[in-house]
Amino acid sequence: MEIFNNDVQNKTSLNRIIFRLAMPAILENILHTAVWMFDTAMVGRLSAEALSAVGFGSQLAFTLVNIIGAMGIGTSALVARHVGADQPEKANKVIAQSFLISVTISIVLMVINILLARPFFSLTMKDPEVISLGITYVKIVSFGIIFLIPTMVLNAALRGAGNTRLPMMSALVANTINIVGDYVLIFGYFGFPRMEIKGAALATVLSQIVGGIITFSYLLLGKDIVKLNLKQAVKIDIDVVKQLSKLSLPSCLEEFSHSGSRLISSIWITRMGTVPFAAHQVAVSAESMSFMPGYGFSVAASTLTGQCLGAERPDEAEKSALVAMKLALILMGGVGLLFLLFSHQLMSLFTNIDEVKNIAAACIRIAAFEQPTLAISMVMAGALRGAGDTRGTFKVGIIGTWLVRLPLIFMIVFVFKKPIVYVWMATVVQFVVEAFFMFLRFKKDNWKKIKI
């Protein structure tokens, strides 16, 4: 097979294979993060109200999207197993069914987001300007959901097959359009009108359409070991849907848990005021840089674990995951140092509002201490998902989110009434707990026996 071979037992060869899978995924994540950071930086030049509206509006608009998009985890695991077992036709059937389901659900979610925008903002926000701007933003970006969810699922299928380059190229083109669109439409350059929040939303939608077209066309033309056969996407295949549901439902529930908790904590943090919430959003945007290596090596661990198990090579699956984890620890430790040493410089890239910048810098220094445990948690979770143990990662996520992070944040905001930096300390505790349980579950080896 192209992804791994008998030389996988050689450390140098394994490192090369992992980097070949991880680097395009890391670059893809850098591109997604860059556009989010650019959005934040551009909107941060408008006002604290605009920052809060886009930050909170993004969570509302994409919470359900990310939950359903987690279906890609089940798709990736099944495709990896079939490719590892040299069964590309079965992989293609999984891709077709995943595409059909994702398109159907994306239409429903678009309508839900548009209908919920006004009541949700009116119930959760106090500032009338933030409410007005947020509703406008959500209603516009919701139209891109029809393209976004199918793209997420199809890209996950490609990663499961070992192709992390095409999703990266799709992201490169789409996010370049988003960044250029932000610059032109938010501030009204090159003859375009100054649209501010509306411009940011329109640039996002356009980029999602382009990204979707690129990924869809590639799979439709059959340029890879796997492809999208639209004839297989015309009607539901019950057996394949059952397999997808078995693997994807825990992942969707896990994402529901994470996204729901982020939304709840954001609602609580808004009670601290517009400036602390804006600073929190700025720090979150910068923190997302640390997810890049973790995400890339998580993808590599997931792909190699799934394909090795499909080829009945469980020991190589374990070795691949552990090496990926060590590489992630090294790179994410470096990101942590950047957060500690250059916090104010980093925050200056996002906003020129001094009060917001100083609070955000304090938050990101605390985020530096998340990095080692975040690396362990992300890569071990990727390996477990690639093996099909999506229930295990869901259980660990519930513990970290609902039994640790949310109770701590509630106490910080409503009982002790501490500043926003204490919320970030709670997140550090969450990742320590999650890393411990993820690694413990991985070392138990039950994932090696899972049949899918």
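Projected label points at Arg16 and Arg194, each 7 Å from Cα along the beta carbon direction, are separated by 5.5 nanometres. For the chain, averaging the sequence separation of C-alpha pairs within contact (under 8 Å, six or more residues apart) and dividing by the residue count gives a relative contact order of 22 percent. Across region 136-184, the convex hull enclosing all Cα atoms gives 65 Å³ per residue. Rg/Rh, computed from the Cα trace of region 196-267 with Rh as the Kirkwood radius, has the value 1.11. What full-extension length gain, to one decimal in nm, is calculated for Leu440 and Val103 as 0.36 nm per residue of separation minus the Cα-Cα distance? So the extension gain works out to 117.6 nm.
For region 29-174, a Kirkwood radius taken over Cα pairs fed into Stokes-Einstein (25 °C, viscosity 0.890 mPa s) yields D = 148 µm²/s. Once both labels are modelled 7 Å past Cα along the beta-carbon direction, what's the His344-Arg118 spacing in nm? Going from the His344 label point to the Arg118 one covers 4.6 nm.
Grouping the Cα pair distances of the chain into 10 Å bins from zero gives a pair-distance distribution of 5, 21, 32, 27, 12, 2, 0 percent in increasing distance order.
Rounded to the nearest 500, what is the 222 nm mean residue ellipticity of the chain from helices alone, with -39500 (n - 2.57) per DSSP H run of 4+ residues and division by all residues?
For the chain, the value works out to -26500 deg cm²/dmol.
Based on alpha-carbon atoms only, what is the radius of gyration of region 370-452 relative to the globular estimate 2.2 N^0.38 Å? Show your work: numbers first, answer last.
Values: Rg = 14.7 Å, N = 83, 2.2 N^0.38 = 11.8 Å.
Output field value: 1.24.
Got a number for the accessible area of Ile398? Probe 1.4 Å, square angstrom, nearest 10. In the full protein context, Ile398 sits at about 60 Å².
A full extension of the chain between Glu129 and Val180 corresponds to an added length of 15.7 nm, given 0.36 nm per residue minus the alpha carbon distance.
Subtracting the Cα-Cα distance of Lys246 and Leu172 from their residue separation scaled by 0.36 nm leaves 23.4 nm.
Note on region 256-308: the alpha carbon radius of gyration divided by the globular reference 2.2 N^0.38 Å gives 1.60. Each other residue within a Cβ distance under 12 Å of Met325 adds +1 if Lys or Arg and -1 if Asp or Glu, for a net charge of +2.
In terms of the mean number of neighbouring beta-carbon atoms within 10 Å, the peptides 111-124, 31-44 order highest first as 31-44, 111-124.
Which number do you get for Rg(Cα) / (2.2 N^0.38 Å) in region 70-124?
Values: Rg = 16.9 Å, N = 55, 2.2 N^0.38 = 10.1 Å.
Ratio of Cα Rg to 2.2 N^0.38 Å: 1.67.
Neighbours of Met425, meaning other residues whose beta-carbon lies under 13 angstrom from its beta-carbon, give a summed charge of +2 when Lys and Arg score +1 and Asp and Glu score -1.
The calculated Kirkwood hydrodynamic radius for region 312-452 is 16.6 Å, given to one decimal from all distinct C-alpha pairs.
Annotation: Phe216 carries an accessible surface of approximately 60 Å², with a 1.4 Å probe and no ligand, DNA or RNA atoms counted. By how many degrees, 0 to 90 and rounded to 10, does the Cα axis of helix 291-310 deviate from the longest principal axis of the chain? Tilt of helix 291-310: around 20 degrees.
For region 154-197, applying the loop criterion from DSSP together with a ceiling of 14 other beta carbons within 10 Å to the trypsin sites (Lys or Arg not before Pro) yields Arg194. The separation of region 76-135 from region 354-419, counted between C-alpha centres, amounts to 23 Å. If you bin all the Cα-Cα distances of region 171-298 at 10 Å, starting from zero, the percentages per bin are 10, 19, 35, 24, 11, 1. Cα-Cα pairs above 20 Å in region 92-206: how many percent? In whole percent, the share of Cα-Cα pairs in region 92-206 beyond 20 Å is 55.
The values are calculated or read from the model by the stated rules, or taken from the named source; none is laboratory data. Model, not experiment: these values are computed from the prediction. Every residue, glycine as well, gets a Cβ built from its backbone with ideal geometry; the counts of neighbours run over all protein chains shown. These area figures cover heavy atoms from the full protein model, side chains too; ligands, DNA and RNA do not enter into them. Shrake-Rupley method; radii C 1.70, N 1.55, O 1.52, S 1.80 Å.
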